[in-house]
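A short write-up of the structure that comes next.
Just so it is clear, none of the values below were taken in a lab; they were calculated from the coordinates. What you see is a predicted model, and the numbers here were worked out from it, not measured in a lab. Positions of Cβ are backbone-derived with ideal geometry, glycine not excepted, and every protein chain shown enters the neighbour counts.
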Amino acid sequence: MPSTLVLLLVGCAPKAETKTATPTASVLSVQPSADGLVEQTVDINGDGKPDVFNYSRERGGSAGLLVRKETDLNYDGRVDVRTWFDETGQIEKEEMDGDFDGRVDWVDHYQSGRRVMSEVDTDWNGTFDLFKYYEGNKVRRKESDTNGDGKVDFWEYFDEAGKVIRTGKDVDGDGVMDVRQE
């Protein structure tokens, strides 16, 4: 998930009431989860309710391996971000509910810890309609479903500086680029 988006969402989140002037994170519980992992709940705003859920797999004699983290960004009791990690501890996938309605609006996919693709629901209707493809840390291609039919119908290609260098459009609705502009 882009760090800018997280900062915007956290900055826009309603302020939670806290019991202390300077809340500190505290572990509330550590217990087995239903899927065979160890669940650790953490209160980060000092209200006594869990805001972060860490799920780890035990590794013989050493610290557990974090496989999933779930976070309630706006302290409403619902998870807003879910992050999955691979066997080496690198991020694999992250889902986010950006408008706090209980539905995932943004999914980032990673390979070897680097973001390679994002799926975004830009109109908050429950369907992903924007797909961003990354090389390094830069968007190199965007594909959009602009008419809501479930098929990509607009493409944008970007140079190293992030400038659009080519676009394409599907005009007959078959999901294949018909018009290309350099």
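Using 1/(1 + (r/R0)^6) with R0 = 25 angstrom and r between the beta carbons of THR146 and GLU182, what's the FRET efficiency to the nearest 0.05?
0.80
Using the beta-carbon distance between VAL139 and ARG78 and R0 = 35 Å, what value does 1/(1 + (r/R0)^6) give for FRET efficiency, to the nearest 0.05?
Computed FRET efficiency for VAL139 and ARG78: 0.75.
Who wins for biggest fluctuation among SER29, SER118, SER56 in a Gaussian network model of the chain, springs between alpha carbons below 10 Å?
In this elastic network of the chain, the residue with the biggest mean-square fluctuation among SER29, SER118, SER56 is SER29.
What number comes out for the charge environment of VAL67, summing +1 per Lys or Arg and -1 per Asp or Glu over other residues with Cβ under 15 Å away?
-3
Note down the relative contact order for the chain as a percent, whole number, built from C-alpha pairs under 8 angstrom at least six residues apart.
9 percent.
Among ASN45, ASN74, ASN137, which one shows the highest mean-square fluctuation when the chain is modelled as a Gaussian network with alpha-carbon springs under 10 Å?
Most flexible of the set in this elastic network: ASN137.
What is the sum of charges, Lys and Arg at +1 and Asp and Glu at -1, for the other residues whose Cβ falls under 14 Å from the Cβ of GLY162?
+3
Which of LYS163, LYS142, LYS93 moves most in a GNM of the chain, Cα contacts under 10 Å?
LYS163
For the stretch 133-166 and the stretch 21-88, what is the centre-to-centre distance using only Cα atoms, to the nearest Å?
35 Å
What does the extension gain come out to for VAL116 and SER29, with contour length at 0.36 nm per residue minus their alpha carbon separation?
So the extension gain works out to 27.9 nm.
Whole-Hz ³J(HN,Hα) for each residue in the stretch 66-83, computed from phi via Karplus 6.51 cos²θ - 1.76 cosθ + 1.60 with θ = phi - 60°, x for glycine and proline: what do you get?
Coupling constants for the stretch 66-83: 5, 10, 7, 10, 10, 9, 9, 6, 10, 6, 9, x, 10, 5, 10, 9, 10, 10 Hz.
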